[in-house]
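Structure first, then comments.
The values are calculated or read from the model by the stated rules, or taken from the named source; none is laboratory data. These numbers were taken from a predicted model, which means no experiment stands behind them. Note that we place each Cβ from the backbone using ideal geometry, even for glycine, and neighbour counts take in every protein chain shown.
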Amino acid sequence: MAKREINNKVSIFLIKDGTDKEELFKDNLNLCELCSSDTSKTYYTPTIINTPKWIRSYYGLDYVDHINVSNSKVISIHELEIDGKKILFAIPFGSGKSLLNEEVIEEQFGIKVLLNTVKVDEFRQLVSSNYGGDHRTRNEQVPKKTNINEFGFDIFNDFIRKATAKCEDDLFNKNTIVGGDLLTVTVPVNYSNIDEFLVNCYKRYKLDKYKDNFSWLDNIKEVKEKSKKEKLDEKMIEMLKNEEYEKIWAAVPELIEWENVREFKYNKNDVGKDDIEIKDIVSQFKLQDSMKVDSLKRKKVYAISTDSDDSIYDWSLYNCLIGEVELDNKMYCLNFGKWYVLDNDFVGETNEYYENILLVDYDFPDNNNSREDEYNSLLNTNLKDSILMDKETVRLDGMGKSSIEVCDVFSSNNELIHIKKNGGSSYLSHLFNQASVSAEMLLDESFRKKVNSKFKKEIFDNDFNAKKYTVIMGIITNKNEKRPSIPFFSKVSIRYAIDGLKRKGYNVKLANIFNKK
């Protein structure tokens, strides 16, 4: 009987091209050499064995023989010549990853190997993050392999952090692959013979096959390299000092109940402000030359309650900034305190789409720095025979206590008008989602009947035809322009929303509402 091959679970990092070996590890490490070969060296740090803290805190014992914890840190560095280039790989065991300098790790190595290997219907788990809204991270797992489209993954608003898929590829022993920045797979290799496997993994990584089904992977990537983020922060500070406010502005960084907020303050004795403005953030520094990233992260802005002088929200000034920065012929966006790098073709395509969204053919009244509900009342007064629907929610069947607003104002011309302040990408995402959900529910006859009953009039008839209705998204901004100036990620989100509305048959238009101060 042939001897069965032993499988080992290996996790592989690809090291960025041009990295010197001296840059691989964090500073001040007590590294020891475990073993070496012609192409690799393995390092470790001496293991420290400790008694678990709960032995003392829970059981009241100082020490129990054979009950202890250790933290093994081992990592192998392989240097291989592939296609005439020196390529470095790092393979950690235990907590060996903590020895590696994170800036040298090549992003998306594992996910590209995975996507170049598996079919669209072989996925088991997906970890994704939303960049255009609330930055939520979603971890979805299915009981059996399925199509990636069955996950709640939005190619316009999410990016993949990690994926798990079952493959039928002999290179990976037809086993499950886990891919993110790190590639993890169980295969019949060991320290003495892994080099060939690493070469094949690298060649798989370099393929463009993933673009056939997963071309959106390259649209947006989170910037993780510390030195790159520092350069972007420096560029942003320079733009703030030069008052280049067309590219850097400020907004509330999360969804809030505006009617519960009276004003915003940066210090207890400040005069309250109606909104968070970039000029007010800059004014917190007596000398603009003293503005530093650390101070932007340390200083805060407070949302003051309408019922008291207490703050009900607070955020760092840095997290309130939204920026679009060009560096080394690349476009970067700052959103919610995180930097993203954008594919140039994706940027151009998205901007072109936004510039071609139809605008309303009449002027909305200016907003006199009022709350949204006050402006909705003003708009309703200005539009003849319209219906104010703001805060008038309708219960959804089979959804417990869930209810939605049909819109803020319904015009006599069958316009479903939704209004929101430009509170940054998270707040605008809420606007786009609200318009989409309402439009979807109006296709349901029972929901339309509930709306008619709520307002005690026949607003929507039984022969509902979406083509007869126009969804208008009105955005309150501080610029008196025809087309609202919104963050790039909001342009990504609105495209997804509008495409969905048009597929349902609705007409869609955009309106800028000038916040006159």
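Odds and ends about this structure:
- Filter result (without any contact (Cβ under 8 Å) to a residue 60 or more places away in the chain and either under 30 Å from the mean Cα position of the chain (by Cα) or closer than 24 Å to F364 by Cβ (or both)) within region 457-470: F460, A466, K467, K468, Y469, T470
- Evaluated against (1) outside the structural domain of G323 (by TED's automatic domain parsing); (2) surrounded by 15 or more Cβ atoms within 10 Å (Cβ to Cβ), M239 falls short on exactly one condition, (1).
- Checked against (1) surrounded by 15 or more Cβ atoms within 10 Å (Cβ to Cβ); (2) in contact (Cβ under 8 Å) with a residue 40 or more places away in the chain, D274 meets all criteria but (1).
Per-residue answers, yes or no, for (1) over 18 Å from the mean Cα position of the chain (by Cα); (2) polar (S, T, N, Q); (3) part of a loop (DSSP other than H, G, I, E, B):
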{"position": "N200", "(1), (2), (3)": "yes, yes, no"}
{"position": "K203", "(1), (2), (3)": "yes, no, no"}
{"position": "K221", "(1), (2), (3)": "no, no, no"}
{"position": "K228", "(1), (2), (3)": "yes, no, no"}
{"position": "E238", "(1), (2), (3)": "yes, no, no"}
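- Qualifying residue in region 203-211 (condition: in contact (Cβ under 8 Å) with a residue 24 or more places away in the chain, surrounded by 14 or more Cβ atoms within 10 Å (Cβ to Cβ) and over 29 Å from V74 (Cβ atoms)): yes
- Screening the candidates V508, V492, V406 for the property of being β-branched (V, I, T), in contact (Cβ under 8 Å) with a residue 12 or more places away in the chain and in contact with a Leu (Cβ under 6 Å, 6 or more places away or on another chain) yields one hit, V508.
- Test: residue in region 191-200 that is out of contact with any Ser or Thr (no Cβ under 9 Å at 6 or more places or on another chain) and of a type in the set (F, W, Y): yes
- The set of residues from region 92-107 being in a loop (DSSP other than H, G, I, E, B) and within 9 Å of K73 (Cβ to Cβ) comprises just one member, S95.
- A single member of G505, G500 is farther than 30 Å from W339 by Cα and surrounded by fewer than 21 Cβ atoms within 10 Å (Cβ to Cβ), and it is G505.
- Whichever residue in region 340-360 is out of contact with any Lys or Arg (no Cβ under 8 Å at 6 or more places or on another chain) and either part of a strand (DSSP E or B) or at pLDDT below 95 (or both) and, among such residues, is surrounded by the fewest Cβ atoms within 10 Å (Cβ to Cβ): D345
- Any hit, region 327-336, residues being in contact with a Cys (Cβ under 8 Å, 6 or more places away or on another chain), in a loop (DSSP other than H, G, I, E, B), crowded, with 18+ Cβ neighbours inside 10 Å and touching a residue at least 40 places away in the same chain (Cβ under 8 Å): no
- Any hit, region 253-268, residues being touching a residue at least 60 places away in the same chain (Cβ under 8 Å), exposed (fewer than 13 other Cβ atoms within 10 Å of the Cβ) and not hydrophobic (A, V, I, L, M, F, W, C): yes
- Matching option when the condition is at pLDDT 90 or above and either in a helix (DSSP H, G or I) or closer than 30 Å to I256 by Cα (or both), among I111, I177, I155: I111
- A single entry from D314, D294, D280, D309 fulfils the requirement of being surrounded by fewer than 19 Cβ atoms within 10 Å (Cβ to Cβ), assigned to a loop (DSSP other than H, G, I, E, B) and among the acidic types (D, E): D309.
- Among the residues of region 222-236, just one is over 16 Å from D294 (Cβ atoms) and exposed (fewer than 13 other Cβ atoms within 10 Å of the Cβ), namely S227.
- Residue within region 318-330 that is outside the structural domain of K112 (by TED's automatic domain parsing), at pLDDT below 90, β-branched (V, I, T) and more than 22 Å from I486 (Cα to Cα) present: no
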